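The values are calculated or read from the model by the stated rules, or taken from the named source; none is laboratory data. A quick note: this is a predicted structure, and the numbers were derived from the prediction, not measured. Cβ coordinates were reconstructed from backbone atoms using ideal geometry, including for glycine residues, and neighbour counts include every protein chain displayed.
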Amino acid sequence: MERAAVEFHEVSKRYGQVRALDAAGFTVARGETVSLLGHNGAGKSTAVALMLGLVRPDGGRVGVLGGSPAKAVARGRVGAMLQSGGLPDGASVRDIVRLACGLYGGRRKVGEVLELAGLTELAGRQATALSGGQAQRVRFAIAVAGRPELLFLDEPTVAMDVEARREFWDAVRACREAEGTTVVFATHYLEEADQFADRVVVLGHGRVVADAAPATVKARVGGRIVRCVLAEPDPQRLLALPGVTEVTVRAGQVELRTDDADRTVGALYSAIGGVRDLEVTGAGLDEALILLSSGKAA
Amino acid sequence: MLPLVRFELVRALRNVKYLVFLVAVPVGFYLMWGRGSDAALVAMAVYAATGGALMAAGGGVADDRAQGWLRQLRVTPLSGARWLAGRVVLGVVMTLPGILAVCLAAVLVGRTDLPPTRWAALAGVLLAGSLPFCLLGLFLGLTLRGKTAQLGIVVVFFALAALGGVIGQGDLPGAWQRVRELTPSHSLLLYGGAAANGRDTGLGQAGVLAAWTALAGAAVLARRRWSSDG
């Protein structure tokens with residue numbers, strides 16, 4: 001058996017002037033669930049396209065299940081939900097699932113796949129008459145129709161509401177537990193990476209800026225930002241406030257990074273006072289990624 | 001490949017517009033103008049065969065590309081070569097409803113009485129001769145976008161039918177007649193007529209059909225090589 005499900009070795013890919021991936025390296029072990037996290041344009045979709053052999057790297061090497069990506073796809077060992085993949089018109093959900101089962105050589109029965117993707121009730125519906133979330137489930141059904149050893153999901157829950165998202169991840173989890181499927185999913189939701197991945201690979205500007213357990217990444221990039229104006233800010237005192245992990249002061253403008261905004265704000269009023277223009281925001285992923293890229297949050 | 005052909009057949013047979021155009025129209029023409037004439041039988045069977053091949057192989061490909069469906073198929077074990085082969089098989093198979101309907105009308109209403117070997121020869125010629133039309137339709141579907149693709153296929157179909165003498169009567173003026181002799185539709189018409197009458201056909205017509213097949217096939221392969229969206 002191969003060592004790793006996916007191996008990225010110093011992989012680079014350019015599109016014209018844009019450097020989509022820049023010497024990116026990471027591995028995914030068999031049976032692992034790994035999230036590729038990053039904002040739009042960070043290189044997630046490029047990484048997925050490379051793993052599926054849809055594009056070739058300009059430099060470096062991509063290995064999938066011990067061989068080339070194209071070979072793994074041709075053998076039906078890989079299933080994928082692409083962001084740019086779509087469904088045909090003039091076909092019902094059952095038609096499409098039957099086709100997928102057939103293309104993978106009948107490794108799963110049509111009814112089983114419909115059930116797995118939560119599509120049994122919708123089997124007779126035309127694919128073009130589905131909601132965004134339902135269409136995603138059909139694409140999930142295609143991806144798992146061949147009982148894949150490795151499943152790639154590129155931003156799988158984009159079109160889904162909270163409930164649909166939960167049901168979707170339940171289905172992925174069921175697959176993973178029943179078959180030991182290796183799952184690689186790209187997302188820009190930190191929460192999703194935190195809840196479903198064993199490990200998170202954070203991409204920023206085409207580079208791997210972090211590769212760690214979700215809790216570690218979350219601690220680094222999560223938390224909240226408290227901004228306010230103080231008459232005489234003292235960085236030392238501010239850093240000592242409960243929850244505060246980082247302090248930035250610029251001409252009376254104070255920015256505090258905290259992992260407990262409630263206590264920080266409370267202490268700000270009680271222990272320091274003279275607080276004006278208070279504002280609490282989530283530390284955005286973009287912001288966090290800039291920090292990670294520059295190494296400040298490490 | 002077979003699951004794909006099956007899937008596409010179901011999809012095509014549910015398309016009512018398509019069936020009207022490729023089955024009802026040639027049968028209607030035959031009944032209105034050509035009842036009992038072997039020439040009309042062959043012409044309308046060629047209409048059904050060339051139209052069926054162009055539309056089934058190429059129609060919908062542009063939409064499938066635009067909607068990302070071909071990209072989705074690319075990450076399944078279905079190889080590009082098998083996808084192409086599947087579309088060609090589909091094109092050839094989808095000529096059958098129209099051909100059979102026209103032949104049936106000829107037997108039942110036109111009282112055409114051909115020996116079984118000639119029926120078989122006619123059907124064989126039409127099926128084999130639909131190959132260049134499948135490839136041509138596929139090329140158009142892979143090249144044109146959206147509604148333009150559907151329209152382009154219909155325009156090419158009628159242009160070839162009119163130029164080739166499948167629809168309309170008499171010779172074309174001057175140089176156009178020479179152009180006619182180079183169209184695949186005209187070759188198929190002559191071949192079909194010969195098969196129905198039990199005559200021998202020259203190799204010239206086979207040459208025209210073979211040249212169109214090679215040309216359209218090369219165009220499809222070149223198009224596949226340079227496109228990233230399919």
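Within region A:99-137, the set of residues being among the charged types (D, E, K, R), under 20 Å from A:ALA159 (Cβ atoms) and within 13 Å of another protein chain (Cβ to nearest Cβ) is empty.
Taking region A:43-84 as the range and being of a type outside the set (A, V, I, L, M), surrounded by 22 or more Cβ atoms within 10 Å (Cβ to Cβ) and either within 14 Å of A:SER12 (Cα to Cα) or under 20 Å from the mean Cα position of the chain (by Cα) (or both) as the test, the residues that pass are A:GLY43, A:LYS44, A:THR46, A:GLY79.
Please tell me if A:ARG199 is modelled with pLDDT of 90 or more, more than 14 Å from every other protein chain (Cβ to nearest Cβ) and surrounded by 15 or more Cβ atoms within 10 Å (Cβ to Cβ). Spell out the reasoning first.
Values: modelled with pLDDT of 90 or more: yes; more than 14 Å from every other protein chain (Cβ to nearest Cβ): yes; surrounded by 15 or more Cβ atoms within 10 Å (Cβ to Cβ): yes.
Judged against the criteria, A:ARG199 is a match.
Just name the residue that is farthest from the other protein chains (Cβ to nearest Cβ) out of those in region B:1-40 that are among the hydroxyl-bearing types (Ser, Thr, Tyr) and closer than 18 Å to B:LEU189 by Cβ. If we take residues in region B:1-40 being among the hydroxyl-bearing types (Ser, Thr, Tyr) and closer than 18 Å to B:LEU189 by Cβ, then B:SER37 is farthest from the other protein chains (Cβ to nearest Cβ). Pick from A:ALA186, A:ALA219: which is closer than 28 Å to A:THR157 by Cβ, touching a Leu at 6+ places or on another chain (Cβ under 8 Å) and touching a residue at least 12 places away in the same chain (Cβ under 8 Å)? Residue meeting the stated conditions: A:ALA186. Can you tell me which residue within region A:79-98, out of those that are more than 21 Å from A:GLY124 (Cα to Cα) and hydrophobic (A, V, I, L, M, F, W, C), is nearest to the other protein chains (Cβ to nearest Cβ)? Here the answer is A:ALA80.
Which residue is farthest from A:GLY274 (Cα to Cα), if the candidates are limited to region A:218-236 and must be touching a helix residue (DSSP H, G or I) at 6+ places or on another chain (Cβ under 7 Å) and in a helix (DSSP H, G or I)? Looking at the filtered set, the residue picked out is A:LYS218. As a summary of the residue check, B:PRO97 satisfies the conditions (1) within 28 Å of B:ARG225 (Cα to Cα); (2) in contact with a helix residue (DSSP H, G or I) (Cβ under 6 Å, 6 or more places away or on another chain); (3) not aliphatic (A, V, I, L, M) except for the one numbered (1).
Among all residues of region A:140-151, there is at least one that is among the small types (Gly, Ala, Ser), crowded, with 17+ Cβ neighbours inside 10 Å and either away from chain B (no Cβ under 13 Å) or in contact with a Lys or Arg (Cβ under 8 Å, 6 or more places away or on another chain) (or both). Residues in region A:175-198 that are part of a helix (DSSP H, G or I) and closer than 19 Å to A:LEU116 by Cβ: A:CYS175, A:ARG176, A:GLU177, A:ALA178, A:GLU179, A:PHE196. Among residues that are under 21 Å from A:LEU116 (Cα atoms) and either charged (D, E, K, R) or at pLDDT below 85 (or both), A:ASP170 is included.
Could you say which residue among B:ALA159, B:ALA216, B:ALA211, B:ALA206 is at negative phi and in contact with a Cys (Cβ under 9 Å, 6 or more places away or on another chain)?
Details: B:ALA159 fails: in contact with a Cys (Cβ under 9 Å, 6 or more places away or on another chain); B:ALA211 fails: in contact with a Cys (Cβ under 9 Å, 6 or more places away or on another chain); B:ALA206 fails: in contact with a Cys (Cβ under 9 Å, 6 or more places away or on another chain).
Going through B:ALA159, B:ALA216, B:ALA211, B:ALA206 in turn, the sole match is B:ALA216.
Can you report the number of residues in region A:54-78 which are within 7 Å of chain B (Cβ to nearest Cβ) and either assigned to a loop (DSSP other than H, G, I, E, B) or in contact with a His (Cβ under 8 Å, 6 or more places away or on another chain) (or both)? Looking only at that region, the number is 3.
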